[in-house]
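The values are calculated or read from the model by the stated rules, or taken from the named source; none is laboratory data. Predicted, not measured: the structure shown is a model, and the values here were computed from it. Quick reminder, even Gly has a Cβ in these numbers, built from the backbone with ideal geometry, and neighbours come from all protein chains shown. Heavy atoms of the whole protein, side chains included, go into the accessibility calculation; ligands, DNA and RNA do not. Shrake-Rupley method; radii C 1.70, N 1.55, O 1.52, S 1.80 Å.
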Amino acid sequence: MEESPLHSSHVQKLLLVTNRVHMLLHSTALCFIFYYRFSFLFQPPHTTESLLFPWLLVFASEIILSFIWILGRAYRWRPISRTVFPERLPEDHKLPAVDVFICTADHTKEPTFEVMNTVLSAMALDYPPEKLNVYLSDDGGSSVTLHAMREASNFARLWIPFCTRYRIKSRCPKAFFSSSDDDESDFVRSSLYVEDKKQIEEKYEVFKEKIVSFRDNMAISRDDSTINVQDHPPCIEVMEGNILDDADNGKIPRLVYVSREKRPSHPHHFKAGALNVLLRVSAVISNSPYILVLDCDMFCNDPSSARYAMCFHLDPKISSSLAFVQFPQKFYNVSKNDIYDSQLRSIFTLQWRGMDGLKGPVMSGTGFYIKRVSLCGNLNIKGTDLTQLKEYFGSSNEFIKSLTQNYTSDSASGGNALLEGETHLLASCEYEINTKWGQEVGFLYDSVVEDYLTGFILHCNGWTSVFCEPSRPQFLGSATTNLNDVLIQGTRWYSGLFENGINKYCSLIYGPSRMPVLQRLCFAELTYFPLYCFPLWCFATIPQLCLLHGIPLYPKVGDPFFIIFVFIFVSALLNHLEEVLITGGTLHKWMNEQRIWMMKSITCHLYGCLDALLKKVGIREANFLPTNKVADDEQTQLYQMDKYDFRVSSIFIAPMLAVITINICCFLGGIYRAVFVGSWDKMFVQFFIAGFIITVNYPIIEGLVIRNDKGRISKLLAICVIIATMILLGCFTLLSSV
């Protein structure tokens, strides 16, 4: 008798048909536009001489936009959705073990107490505790974090039985105690539940106070400041213990603190390096076949994620080639209209579903369950001699033993010598020298976006992935809710992504036979997305400058090609609007996404591309700064009120002010010229482009002229930028008239 499936999938046929019809119509219109542009080049020279340069710039921009649009159609080709049946999983004692990796880098930017809430939520997953191991990588080597881990281990002995006993869904203590719905517990009306909840909340406050007090004492005594974040020895501590409540008669998951060795003379490779240390250290402690990777601010919002992931990993039809199960990133602090698109709506509601219909989504940095063996490279371990294995994986005999099946570490029975010796060796900064770590083994080092590159190479090597999106978010994190951090974070991401588009790992040329064409187009779209900076800067300046001087770049009203340009514009906007609405968004959300796309394109897309190019030629080195997770009440309030916080670096605000100034000046100058010279019909499209940019980016004008709160644009900076832009416009006008 055939066993019931652990999961099912179905193609979203209506969306598939809609997408393909739109592709056909839109691509046909693009062909007409290209014909219109090419035909201009064959006109007599005397009619095209003054138009040639701006015409070519606009045409190049249209080609780039079309190129990115074509790449993005691969996401829309075959979108699917999945359903899991965790109740059909085997009994608990037959489930495989899971290691959880959590990374933190700087306790001043990633509050220790928030990190401990993530750790506790992972320890409380609905999974056999003896098969669950939680590892925290502390790249800062902070004594505050180590002390907090010890306190978290003690509190877990009370918290985990409470969650299990009352079937709590939200097992992050902070989220649970701040919720007003008692987490939908079945025992909410029970007097015993109310009493236990009160007691555990009191213990939680004591737990919090201990961490805060220790942190404050360390700050006063400055003991923690003696630790050099970039120069410290390894520190590894394993924390195990029984549950204090005898009635529960069980154990808590193993908790392990890992601070790898860091020296200024050795590269540490950022998050990828930290994950690889965890990969090695965990191999000789627990060696679980599956690994959950979490950011330190991404707590487990539902305890079922491990069982959901196992519905795929334990499916004999796909498990042999399945590398990882990716869950979407969701955030608890995004507003309804999400003015900064911090929730990355398009990625996790459309793009990853589309890739799931091909060979699976991109690895997304957090919230994925990955098979350990998939990170061991392509070397056939069986039949390979020890010397070659050491050249590949390093000198640790224990780690090499862990690569074989049914390996059991001596640390499980208290092997202190192993913990003091072997794990410290594996966490040393010299261990990876002359090995394949970061090149073929583990998380890869050739990019600051290690998740993208590692996932891409896994797909090239024949592995697949799946996207699992249950109705209740499995993980919730803290989204970036101020404009400065959004743009800094975006610059880092787009630099790393574009870097992969111009190096040997370009998905269009790297191993073309290793994955389907549509899958490669999806990866390519991610790497070339930052190229929006060129067409956006072009469309924000060239048509406007030509408008000011009466140079038409588009067909006049009434020309058949005018209808084609209108169709392309309306088609793109309506397609985006449709995608926003079907994913639960609003018209306001749609407008916000248009605006932040423009803002990012002329700032962090541009700087990301420049940064990648400078690193390509060796002028700059890769760098990584953790995103600030410390909440700012004033910034949060502005975000919740849908007001942009323009207290950003001048390199970000100056381009925005320059673009708005150019468009307003050229729009008004164009009106003056049209009134006295005419040619409204020839210049209508350029009038519309300038007006559209001004309208969409009205909040910038509001932040400059109307608002008086602290989030307004600096008047001094604005005056300098506007004057400089006006001078450049004047110079351009004089040069054009010569």
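Within the set of pairs 6+ apart or on separate chains, which have a first residue in the stretch 477-493 that is closer than 12 Å to H605 by Cα, a second that is in a loop (DSSP other than H, G, I, E, B) and aliphatic (A, V, I, L, M), and C-beta atoms under 7 Å apart?
Matching pairs, first to second residue: L487/V648; R492/V448; W493/V449.
Report yes if L587 is open to solvent by less than 40 Å² (accessible area, probe 1.4 Å), modelled with pLDDT under 95 and more than 17 Å from Q351 (Cβ to Cβ), otherwise no.
Considered against the rule, which asks whether it is open to solvent by less than 40 Å² (accessible area, probe 1.4 Å), modelled with pLDDT under 95 and more than 17 Å from Q351 (Cβ to Cβ), L587 comes out as no.
Starting from residues that are part of a helix (DSSP H, G or I), open to solvent by less than 20 Å² (accessible area, probe 1.4 Å) and out of contact with any Cys (no Cβ under 6 Å at 6 or more places or on another chain), keep the ones in the stretch 542-565 and report whichever is farthest from D611 (Cα to Cα).
C546
Of (1) of a type outside the set (K, R); (2) under 25 Å from S335 (Cβ atoms); (3) assigned to a helix (DSSP H, G or I); (4) without any contact (Cβ under 8 Å) to a residue 40 or more places away in the chain, I719 satisfies all except one. Which?
(2)
Here is a yes/no grid of residues against (1) under 29 Å from A427 (Cβ atoms); (2) open to solvent by less than 10 Å² (accessible area, probe 1.4 Å); (3) aliphatic (A, V, I, L, M); (4) assigned to a helix (DSSP H, G or I):
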residue	(1), (2), (3), (4)
T145	yes, yes, no, yes
R150	yes, no, no, yes
N154	yes, no, no, yes
A175	no, no, yes, yes
N217	yes, no, no, yes
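This table checks each residue for (1) buried (at least 24 other Cβ atoms within 10 Å of the Cβ); (2) within 20 Å of S395 (Cβ to Cβ); (3) at pLDDT below 95.
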site: M239; (1), (2), (3): no, no, yes
site: A247; (1), (2), (3): no, no, yes
site: R263; (1), (2), (3): no, yes, yes
site: C296; (1), (2), (3): yes, no, yes
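If you go through the stretch 425-456 one residue at a time, how many are over 21 Å from F327 (Cβ atoms), part of a helix (DSSP H, G or I) and touching a Leu at 6+ places or on another chain (Cβ under 8 Å)?
Here is the first cut: in the stretch 425-456, the ones over 21 Å from F327 (Cβ atoms) are 425-442, 444-448.
Narrowing the set further to residues that are part of a helix (DSSP H, G or I) leaves 425-426.
From what's left, touching a Leu at 6+ places or on another chain (Cβ under 8 Å): none.
Looking only at that region, the number is 0.
Enumerate the pairs (first residue in the stretch 121-150 and within 13 Å of I291 (Cα to Cα); second residue anywhere and assigned to a loop (DSSP other than H, G, I, E, B) and among the β-branched types (V, I, T)) with beta-carbon separation below 8 Å, excluding pairs fewer than 6 apart on the same chain, so at least 6 apart or on different chains.
Listed by first residue and then by second, the contacts come to N133/I285.
Might you check whether a residue that is under 16 Å from the mean Cα position of the chain (by Cα), assigned to a helix (DSSP H, G or I) and of a type outside the set (V, I, T) occurs anywhere in the stretch 515-523? Please lay out each step first, then the result.
Residues of the stretch 515-523 that are under 16 Å from the mean Cα position of the chain (by Cα), as a first pass: 522-523.
Next, only the ones that are assigned to a helix (DSSP H, G or I) stay: 522-523.
Remaining after also requiring of a type outside the set (V, I, T): 522-523.
Looking for residues that are under 16 Å from the mean Cα position of the chain (by Cα), assigned to a helix (DSSP H, G or I) and of a type outside the set (V, I, T), one finds at least one in the stretch 515-523, hence yes.
If I ask for residues that are open to solvent by 50 Å² or more (accessible area, probe 1.4 Å) and either touching a Cys at 6+ places or on another chain (Cβ under 6 Å) or in a loop (DSSP other than H, G, I, E, B) (or both), which ones from the stretch 91-105 would you list?
Of everything in the stretch 91-105, just one residue is open to solvent by 50 Å² or more (accessible area, probe 1.4 Å) and either touching a Cys at 6+ places or on another chain (Cβ under 6 Å) or in a loop (DSSP other than H, G, I, E, B) (or both), namely E91.
For the stretch 232-332, please list each of the strands (runs of 3 or more DSSP E) lying entirely inside it that holds at least 3 residues being within 30 Å of L425 (Cα to Cα).
Passing ranges, in order: 235-239, 254-259, 290-295.
What pairs come up if the first residue lies in the stretch 432-454 and is closer than 23 Å to C609 by Cα, the second is aromatic (F, W, Y) and open to solvent by less than 10 Å² (accessible area, probe 1.4 Å), and their beta carbons are under 6 Å apart, counting only those six or more places apart or on different chains?
Matching pairs, first to second residue: E450/F443; T454/F443.
Scan (1) open to solvent by 50 Å² or more (accessible area, probe 1.4 Å); (2) at pLDDT below 90 for the single condition I671 breaks and write down its number.
Checking I671 against (1) open to solvent by 50 Å² or more (accessible area, probe 1.4 Å); (2) at pLDDT below 90, the one that fails is (2).
Name the residues in the stretch 672-699 that are out of contact with any helix residue (DSSP H, G or I) (no Cβ under 8 Å at 6 or more places or on another chain), part of a helix (DSSP H, G or I) and free of Cβ contacts under 8 Å to residues at least 60 places away in the same chain, would you?
Y672, V675, F676, F688, F692, T695, Y698 - these are the residues of the stretch 672-699 that are out of contact with any helix residue (DSSP H, G or I) (no Cβ under 8 Å at 6 or more places or on another chain), part of a helix (DSSP H, G or I) and free of Cβ contacts under 8 Å to residues at least 60 places away in the same chain.
Among the listed residues T491, T454, which satisfies the condition of being of a type outside the set (F, W, Y) and open to solvent by 10 Å² or more (accessible area, probe 1.4 Å)?
Within the list T491, T454, the selection yields T491.
How many residues does the stretch 177-189 hold that are outside any loop (DSSP other than H, G, I, E, B) and at pLDDT 70 or above?
So the answer is 2.
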